[in-house]
Amino acid sequence: MKKLVIIILVLACSCKDTTVNEVAKEETLPKQEKIVDLTHSFSSETIYWVTAKQFELDTVFKGQTDKGFFYSANNFATAEHGGTHVDAPIHFAKNRQTVDEIPLENLIGQAIKVDVSENAKGNSDYEVSVEDFTNWETAHGTKIPDGSIILLYTGYSKFYPDKLKYLGTEERGEHAIKLLHFPGLSPKAAEWLVKERNIKSIGIDTPSIDYGQSEYFESHVILLSENIPAFENLTNLDGLPSEGFKVFALPMKIEGGTGAPLRIVALVSE
């Protein structure tokens, strides 16, 4: 009987230790995370600036080879600026970084989303204001964190790839530039971000960081002059929270490039 009690006590202690270890293990496990793709696919439907070369994909070979195995390969040709892409600082600022010179630290990091979709609804010429940023800060009880990547959610990606709704026109060529209508970032807000906050990069779900009717692309000039790259034609921003997620924005590494196709994703804790 005495031996049986000892055995029971040993087993009980072993089970208790196991439970404690399992709890400790669960507490140290990383949170579940989901990946949100913020990139439009590249295809014949991809939207480009009205004066830029559009995406072309040519089949080199597709099928069974004479040696018995399947093989496929394509050639593609396109402009730097179109679809989901990055604007390198040199795009609008002399002697600033080219695509291959952008530090990876400016393309990867903690991010916030500023939702202006209600303001932009029914106003294709809406410009994100300083107030939109200060409203975000008031709602979250904090300043925009240093080193943030900012994503501007206008809601316009829902129109992609309908050129008339997304760009404001289906026409192409120099004359079509005056027909462009879509939201962007106001120069005053861009200046405020540069002078009052410390950000790594910025992105938007429209064709340009400047709104469609911009003539002088002031927001581009202000941001890119400070080596702050811009991501354009983003999508799925509605699937992101307003803070607490990480962005990975990796463009094609074109030496000397002023821009490049971009694969951008967000990592969100669930």
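The values are calculated or read from the model by the stated rules, or taken from the named source; none is laboratory data. The shown structure was predicted, so the numbers you read here are calculated from the model rather than taken from an experiment. Cβ atoms come from the backbone with ideal geometry, glycine included; neighbour counts cover every protein chain shown. What goes into the accessible areas is simple: the full protein's heavy atoms, side chains included, and nothing from ligands, DNA or RNA. Shrake-Rupley method; radii C 1.70, N 1.55, O 1.52, S 1.80 Å.
List of remarks:
- Only strands (runs of 3 or more DSSP E) whose full extent lies in the stretch 23-82 are considered here, and the ones with at least 3 residues that are at pLDDT 95 or above and under 19 Å from Asp205 (Cβ atoms) are 33-37.
- Within the stretch 138-161, the only residue that satisfies the criterion of being surrounded by 15 or more Cβ atoms within 10 Å (Cβ to Cβ), more than 30 Å from Thr46 (Cα to Cα) and β-branched (Val, Ile, Thr) is Ile144.
- Inside the stretch 99-137, residues that are open to solvent by 40 Å² or more (accessible area, probe 1.4 Å), in a helix (DSSP H, G or I) and over 25 Å from Tyr166 (Cβ atoms) make up a count of 8.
- Filter result for Gly168 (assigned to a loop (DSSP other than H, G, I, E, B) and free of Cβ contacts under 8 Å to residues at least 24 places away in the same chain): no
- Residue within the stretch 129-145 that is under 15 Å from the mean Cα position of the chain (by Cα) and among the hydrophobic types (A, V, I, L, M, F, W, C) present: no
- Looking only at residues of the stretch 41-67 that are among the hydrophobic types (A, V, I, L, M, F, W, C) and open to solvent by less than 90 Å² (accessible area, probe 1.4 Å), we find that the one that is nearest to Arg172 (Cα to Cα) is Val50.
Yes/no per residue for (1) open to solvent by 10 Å² or more (accessible area, probe 1.4 Å); (2) under 25 Å from Asn135 (Cα atoms); (3) at pLDDT below 95; (4) in contact with a Phe, Trp or Tyr (Cβ under 9 Å, 6 or more places away or on another chain):
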residue	(1), (2), (3), (4)
Leu167	no, no, no, yes
Glu171	yes, no, no, no
Ser201	no, yes, no, yes
Asp205	no, yes, no, yes
Tyr211	yes, yes, no, yes
Glu226	yes, yes, no, no
Ser242	yes, yes, no, yes
Gly256	yes, no, no, no
Ile264	no, no, no, yes
